[in-house]
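Working notes, beginning with the structure itself.
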Amino acid sequence: MKIALLQLDPTVGDLQGNSDLISSTLRRAAGADLAVTSELALLGYPPRDLLLNSDFVERSWDVLRCLAETVRELPPLLVGLAEKNPGEVGRPLFNSAALLKDGRVIETFRKALLPTYDVFDEDRYFEPAGRQPQILELDGRVLGISVCEDIWNDRDFWRHRRYHTDPVEELASTGAEAVINLSASPFTVGKQNHREAMLSGLAKKHRIPFIYVNQVGGNDDLVFDGRSSVFDGEGRLVARARGFLEDLIIVDLDRSGRIGAVAGKAEIAEDDFTQESEIWRALVLGTRDYVSKCGFSGVLLGLSGGIDSSLVAAIASEALGPNNVLGVLMPSPFTSPASIRDAAALAQNLGIKTITLTITDIMNSFGRVLAAPFLDRPKDVTEENIQARIRGNILMALSNKFGLVLLTTGNKSELAVGYCTIYGDMSGGLAVISDVPKTAVYRLAKWLNASRGQEIIPAAVLKKPPTAELRFGQTDQDSLPPYEILDDILERYIEKHQSREELIHLGYEKSMVDRVLHLVKVAEFKRRQAAPGLKVTDRAFGSGWRMPVASRAW
């Protein structure tokens, strides 16, 4: 039995577009006995509260039936979509896979385990499948059908399981010859190695092949890396689709249960699992899809001559092409000539367009207007924030006038502790590196130069102390601990959930720990108003971050 894995980049809500993408890819799988899409592929994942719109769900089934007719002469197809719950009790929908064959919808298979952690909220919409194993009998073969989370609960792999049942164990006990999994598993750095270890363990444990089909592409804050994979009954990886790109692979399941690649159609795609390579490709893909799926023609960003804006400009240039990126230089009296030179050099290296708009006169006009109410009060962060908000207003005006989406350039370290100006440098439509700590920003920039074999980001940008240049002689470390220390505390607190006491026990000064944790807490109101940011770590300030604003707890 030849099984085709359709690794596609659907757009959330584009029912007809997604249908066309599925059917055109299926035509390339002629000769397969079964083809499989990713989870909710017809709707695009995650559809979120579009699922509360009953008309949207009904229309998806109209499109599904048309798709079935369109692919009547093509291989049978398992398509992920939402299915209405016909019962009188429970959530309104099932997260399902529908089998299309001979021009009709033949049967459906339902997801059993519904995640509610991190970015997931499936219990809000879906009813779990019952205890009956989801078995597909096709051409005399018995295949277990599972959806994403259903494979993430093996008692021998997880020290603490989230669910009381194991759908894979139940499928294997019913005599399934292989398990097929339709997934929409978001990317985080290092996750693929974890996935492959889990899938290999499942295949070896149950002595049956596992066929894992994952979505690829960016949808809002989430990036999906694809890397659809196939493991034989001994746990060996026999096929892997490309990372961060659409792909089609076909494998052959023989009568003895062995599985292998079909010549010319499947192989273990080469990949680079280094952190910098993975994060770079995720950010490029996430930026490209966010801009195109939101209907923008290009992007703009403020170029300061600093490391953050330099990296974001490089990502945007790679994602969209240099002609679709506009860099805006906005020098003030505090901007050093070196920063202007560095920004110009970066733009030249990337081949992007730039404009320069000096903000000195605007700053002076604010000073005159606010002179009376500010009388007898010393200059402080207020005046610094005014500069950032002037720049934010200029950038938003250009965004409106030219129809370009504004990319914010703040990193995760800054967003964590509120070292950013709301309605200033936080203004924009996409926060490209908001889940990349400052130290990782430097690593990415160095990796980029090394991987390209040339200086993309100027060496001077990498060497100079980080600064917002909102006053003479300012550096970030005037207000923050050194980034190596800050990032370690933040990672332990935010991603590893280590407590204040644990951080102090590690040797960090109590006053520093208390200060950093306080900054994280009081910056929550800023993060609530931040642009969507691309998730690349296990714990990002996005849809999976659900902290209260008004709170007295650490």
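General remarks:
- Annotation for the stretch 18-84 versus the stretch 531-548: alpha-carbon center distance of 29 Å.
- When the Cα convex hull of the stretch 457-501 is projected onto planes of every orientation, the mean area is 4.6 nm².
- Within the shell of other residues whose beta carbon sits under 11 angstrom from the beta carbon of residue 270, the net charge comes to -1, with Lys and Arg scored +1 and Asp and Glu -1.
- 12 Å beta-carbon shell around residue 510, net charge (K/R +1, D/E -1): -1
- Proximity of backbone amide H atoms, modeled 1.01 Å from N, is registered between residue 178 and 144 at under 5 Å, excluding neighbours fewer than 5 places apart on the same chain.
- Length released on extending from residue 237 to residue 498, taking residue separation times 0.36 nm less the Cα-Cα span: 90.4 nm
- Pairwise Cα distances in the chain exceed 39 Å for 33 percent of all pairs.
- Spherically averaged projected area in nm², based on the convex hull that wraps the Cα atoms of the stretch 64-165: 8.1
- Using a cutoff of 8 angstrom between alpha carbon atoms and counting only pairs six or more residues apart, the relative contact order for the stretch 2-273 works out to 17 percent.
- Each Cα pair under 8 Å and six or more residues apart adds its sequence gap; the mean of these over the residue count of the chain is a relative contact order of 11 percent.
- For 425, 488, the sequence from fewest to most other C-beta atoms within 10 Å is 488, 425.
- Residue 485/residue 116 FRET efficiency (R0 60 Å; Cβ-Cβ; nearest 0.05): 0.95
- Here the extension length gained between residue 123 and residue 11 equals 38.1 nm, from 0.36 nm per residue of separation less the Cα-Cα distance.
- Close amide H contacts of residue 467 (hydrogens built in the peptide plane, cut-off under 5 Å, sequence separation of 5 or more or a different chain): 476.
- Summary of packing: across the peptides 431-441, 164-174, 205-215, 510-520, the per-residue average of other C-beta atoms within 10 Å ranks them, highest first, as 431-441, 205-215, 164-174, 510-520.
- Remark: the stretch 339-354, residue by residue, has Karplus-estimated 3J(HN,Hα) of 5, 5, 5, 5, 5, 5, 5, 4, 4, 5, 4, 7, x, 8, 6, 9 Hz, where x stands for each Gly or Pro and the curve is 6.51 cos²θ - 1.76 cosθ + 1.60 at θ = phi - 60°.
- Size of charge dipole - the stretch 20-150 - debye, nearest 20, with Cβ of Lys, Arg +1 and Asp, Glu -1, no other charges: 260
- Here the Karplus relation 6.51 cos²θ - 1.76 cosθ + 1.60, evaluated at θ = phi - 60°, turns the backbone of the stretch 375-389 into coupling constants of 4, 6, 10, x, 5, 8, 5, 4, 5, 5, 5, 4, 4, 4, 6 Hz, with x for every Gly and Pro.
- Whether the stretch 2-273 is rounded, prolate or oblate, judged on the alpha carbon gyration tensor where a/c under 1.5 counts as rounded: rounded
- Label-point separation in nm, residue 382 to residue 356, each point 7 Å along Cα→Cβ: 3.2
- When 551, 317 are arranged by Cβ crowding within 10 Å, least crowded first, meaning fewest neighbours, the order is 551, 317.
- Virtual paramagnetic centre 7 Å along Cα→Cβ of residue 366, amide N under 16 Å, in the stretch 444-485: 468-472
- Separation between Cα centres of the stretch 119-137 and the stretch 343-393, rounded to whole Å: 53
- Karplus-derived HN-Hα couplings along the stretch 214-225 (A = 6.51, B = -1.76, C = 1.60, θ = phi - 60°), whole Hz, x at Gly and Pro: 10, 5, 10, x, x, 9, 6, 7, 9, 10, 10, 9
- Pairwise label distance in nanometres, residue 292 with residue 173, each label 7 Å out on the Cα-Cβ vector: 4.6
No value in this document is a laboratory result; all are computed from the given coordinates. Please read these numbers as outputs of a predicted model, since none were measured by experiment. Glycine also receives a Cβ, built like all others from the backbone with ideal geometry; neighbour counts cover every protein chain displayed.
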